[in-house]
Amino acid sequence: MLGRIRLLFKKEAPARDWLNMNEAIQELTVFLRGEAMRHRISLKTELDTDLPAVTGDRVQLQQVVLNLMMNGMDAMRETAGRPKELLIRSCKEGSSGVRIIVEDTGVGLSPEIVEKMFDPFFTTKRQGIGMGLSISRSIVESHAGRLWAVPRPSGGAVFEFTVPAGS
Ligand SMILES: Nc1ncnc2c1ncn2[C@@H]1O[C@H](COP(=O)(O)OP(=O)(O)OP(=O)(O)O)[C@@H](O)[C@H]1O
Ligand SMILES: [Mg+2]
């Protein structure tokens, strides 16, 4: 935990690994499969088979996807009456960057939450620290990408981030 907070303030240049985001996503879905099953969440991926490799810090970018997946799963904890689905998609962004999209069918994003959720230490969770999204945004921006959220029209949230080529 302290390590994660430190990471936010360190502003160290990210490592420049040559990496395939699909592989990073697949590793995480294996890692979170049991947790998803326990909460009756169906975990799905739609990965672009032509996804270009990008340069970036594998550990940091995987941390971003993990944070978004955990948030999506948390958001579905108390929703009843509709299927709990976490969908992770990848696609090309521009000519050689990538975009990752994490979509849930959870409680969704109220305007008050959208306004503050990227702030450090903003949390609505009893056990939350409120650093996940602010750390994630700083990681993505250090890769010259963008991280944002949009409401999902039929309920839930969609978080998207880009990793430009050669960032
Ligand atoms: N997918 C989502 N659906 C609905 N609300 C969300 C979602 N992701 C984040 N939020 C809201 O944004 C807040 C901040 O998220 P963030 O990841 O920064 O912190 P956290 O999850 O509360 O704590 P942690 O530091 O453990 O990640 C959450 O407490 C929640 O209210
Ligand atoms: Mg979080």
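The values are calculated or read from the model by the stated rules, or taken from the named source; none is laboratory data. Just so you know, these numbers come straight off a predicted model, no measurement behind them. Don't worry about glycine lacking a Cβ; one is built from the backbone with ideal geometry, like all the others, and counts go over all protein chains shown.
Checking residue 37 against (1) aliphatic (A, V, I, L, M); (2) within 16 Å of ligand 1 (Cβ to nearest atom); (3) surrounded by fewer than 20 Cβ atoms within 10 Å (Cβ to Cβ); (4) not in a strand (DSSP E or B), which single condition isn't satisfied?
Only one criterion is unmet by residue 37, namely (2).
Under 8 Å by Cβ, and 6 or more places apart or on different chains, what pairs join a residue from the range 125-147 that is within 20 Å of residue 158 (Cα to Cα) with one that is of a type in the set (Lys, Arg) and modelled with pLDDT of 95 or more?
140/146; 147/137
For the range 134-167, what are the residues that are within 16 Å of ligand 2 (Cβ to nearest atom), of a type in the set (A, V, I, L, M) and touching a strand residue (DSSP E or B) at 6+ places or on another chain (Cβ under 8 Å)?
Hits for the range 134-167 are 140, 147, 149, 157, 158.
For the range 50-65, which residues satisfy the criterion of being surrounded by fewer than 18 Cβ atoms within 10 Å (Cβ to Cβ) and either of a type in the set (A, V, I, L, M) or farther than 17 Å from residue 165 by Cα (or both)?
Once the filter is applied, which keeps residues that are surrounded by fewer than 18 Cβ atoms within 10 Å (Cβ to Cβ) and either of a type in the set (A, V, I, L, M) or farther than 17 Å from residue 165 by Cα (or both), the range 50-65 yields 53, 59.
Of the conditions (1) of a type outside the set (Lys, Arg); (2) touching a Phe, Trp or Tyr at 6+ places or on another chain (Cβ under 7 Å); (3) touching a residue at least 40 places away in the same chain (Cβ under 8 Å), residue 53 fails just one. Which one is it?
For residue 53, the failing item is (3).
Mind checking which residues of the range 76-99 are surrounded by 21 or more Cβ atoms within 10 Å (Cβ to Cβ) and within 16 Å of ligand 2 (Cβ to nearest atom)?
76, 86, 88
Please enumerate the residues belonging to the range 104-113 that are more than 15 Å from ligand 2 (Cβ to nearest atom) and surrounded by fewer than 21 Cβ atoms within 10 Å (Cβ to Cβ). If you could, list the steps in order and put the result at the bottom.
Taking the range 104-113 and keeping what is more than 15 Å from ligand 2 (Cβ to nearest atom), we get 105, 108, 110-112.
Listed by number, the residues that qualify are 108, 110, 111, 112.
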